[in-house]
Structure formats: structure tokens, C-alpha cells
Amino acid sequence: MPGLHSFMGRPPSDNPAFCVFEYVYFARPDSVLEGQLVHKVRQRLGTQLAVEAPPPPYRALKEGEVAPKICVIGVPDSSLPAAIGYAKRCGLTYSEGLTKNRYIHRTFIQPSDYLRKLGVALKFNPLAENIRGKRIVLIDDSIVRGNTIKALVAMIRGAGAVEVHVRISSPPVKHPCFMGIDMATYEQLTSHNLNNEEVLKLIGADSLAYLTHEGMMKVVQEEINFGNAITETEVTSPTQSSWRAAEEKRKVGHCSACFTGEYPLQIDW
């Protein structure tokens, strides 16, 4: 029959699997997901990262030598809350070290490696005065193909950093997303093909550490509150009140398959 038709491709599952990468990267920082402000969750990811992977001590000093200052910077924009949380937990100085071109958008989903690398070069510029002569702890939210972080490490070294220590506020991304996000194939995923030492050599940093999967899931789930979905003043009818009660009883579940390879649905190869 002519006209507009709609259908449900698959009924809702009894086991929810909300994408955890929304918290790590995709969602706007002012989004409220599962009753949580995303900016606050990312700060807690940085705090947990500082607990698990603080910066290494400086080398042994020679007589009369003074150790360089250490500074925490984040990759704009999604990594800045994690950098703030990391610096605060470690008691270190947080500063802006990279400025972002607002007219260049997400580079990791560009269709070719050449365009991704070109996008990184156009997207960021170092603030040399905040970097020169310092040990830099660079916080990023994830490493997918490695193009961005490799270019940024070289850029920060070129701006005069004494050391560059990379800290990632999520686990290694080792598996593609088959749930609708064009992330990468197995062949393109750096952490699927290389171990941590090999990734460290590839990106050219002095050290590299990731947040553990356990640490990430703990942070994401510890303050979920579906009661924050609407406020008391918005509960004006029995229907809304019933909806809120149902929300508060919702099951909690997340998909972290890009980190673990455990997909919420059977994947037909």
C-alpha cells in the first residue's frame, strides 16, 4: 500500500547494553546519561586513571640539577574533564597545552588514513609557553588507530617538552563496533595488532598506560541514578510518576565490546 510505513526491526532486549563509549568520547559533556552528567563521569575516569597509572618518577638527578616541572594537559575537547580529574588526584598542575581548530571535526571516522593524518595536523596547535621545559602528562580518552596520539606526541616534543607520558582514560580498543558505529576494522585497530610496548614505540612517548576495564566500569556504574531523569517539579501526573518509578527500577547494562570483544548480540560473520 502507498504511504509511510514503519516497523520495529528487533524488540527491546530484557538485558540493556548502553554504549559505554558514549561516556568515554561520543556524548557531549553537558549530556545527562542514566542520571549522570557526562562531564562529571569523565572527571571520575581521570581520577581513577590517576589511581591506577600515576606519572613515573623523574630520573636520578645530578648534583645541583633541578627536576623539570610536571604538567597535565588533555586532548581537546572530550579528554579535558579526565585531565582535570587526573591532575587533581595527583596534586599536579593542570594547564591547556593544545588549542583546537573548531572548524575541523572528528578525524578518527574519516574515510582514509591520509585524511585522518591531515585532519590531525590541521586540528591542533601546541601552546608552547605551557609546554617548553616541562614533563608533560598527556591525557586522551582512547587510542583507535593511533594517528592522533602519535602526531600529538611529536607536536608536544617539538614544542619543547622534556618528557611526554601518555595516559588513556579507557582500556585499549581491540575490537570493531558492529552496533552501528563506524570505528575501524580489526586490521586498523592499533591495540588489536600491537601490545602495549609496541604501541608505545609507535606513538613515540616516554610511557603509556590505560585505564583498566574494571576501573572504567566501576566509574561508569557507581553513580547511575535514573531518578535524575526528571525532577520533582516535573512529576505532575500519575502517568509521569509511574514512568519515573519504572525508570528507577530499570536494569543497568552496558556494551563494552570494543574493549572486551563480548558483544550483546550474536554476531553473524
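The values are calculated or read from the model by the stated rules, or taken from the named source; none is laboratory data. Note that the coordinates shown come from a computational prediction; the quantities given were computed from them, not determined experimentally. In this analysis, Cβ positions are derived from the backbone assuming ideal geometry, glycine residues included, and neighbour counts consider all displayed protein chains. Heads up: the accessible areas ignore ligands, DNA and RNA and are worked out on the full protein's heavy atoms, side chains in. Shrake-Rupley method; radii C 1.70, N 1.55, O 1.52, S 1.80 Å.
Do you know which residues across the stretch 209-218 are surrounded by fewer than 23 Cβ atoms within 10 Å (Cβ to Cβ) and in contact (Cβ under 8 Å) with a residue 40 or more places away in the chain?
Correct list: A209, T212, H213, G215, M217, K218.
Only one of V38, V32, V24, V51 is β-branched (V, I, T) and touching a Pro at 6+ places or on another chain (Cβ under 9 Å); which?
Answer to the selection: V38.
Cβ-Cβ below 8 Å, separation at least six or inter-chain, first residue in the stretch 1-21 and open to solvent by 90 Å² or more (accessible area, probe 1.4 Å), second basic (K, R) and part of a loop (DSSP other than H, G, I, E, B): which pairs?
Matching pairs, first to second residue: D14/K251; N15/K251.
Quick one: in the stretch 55-64, of everything that is of a type outside the set (S, T, Y) and open to solvent by less than 70 Å² (accessible area, probe 1.4 Å), which residue is farthest from the chain's Cα centre (by Cα)?
P56
Got at least one residue in the stretch 31-53 being closer than 15 Å to R167 by Cα, open to solvent by less than 50 Å² (accessible area, probe 1.4 Å) and either part of a strand (DSSP E or B) or charged (D, E, K, R) (or both)?
yes
Just wondering, is there one or more residues in the stretch 10-25 that are modelled with pLDDT of 95 or more, on the phi < 0 side of the Ramachandran plot and small (G, A, S)?
No, the stretch 10-25 contains no residue that is modelled with pLDDT of 95 or more, on the phi < 0 side of the Ramachandran plot and small (G, A, S).
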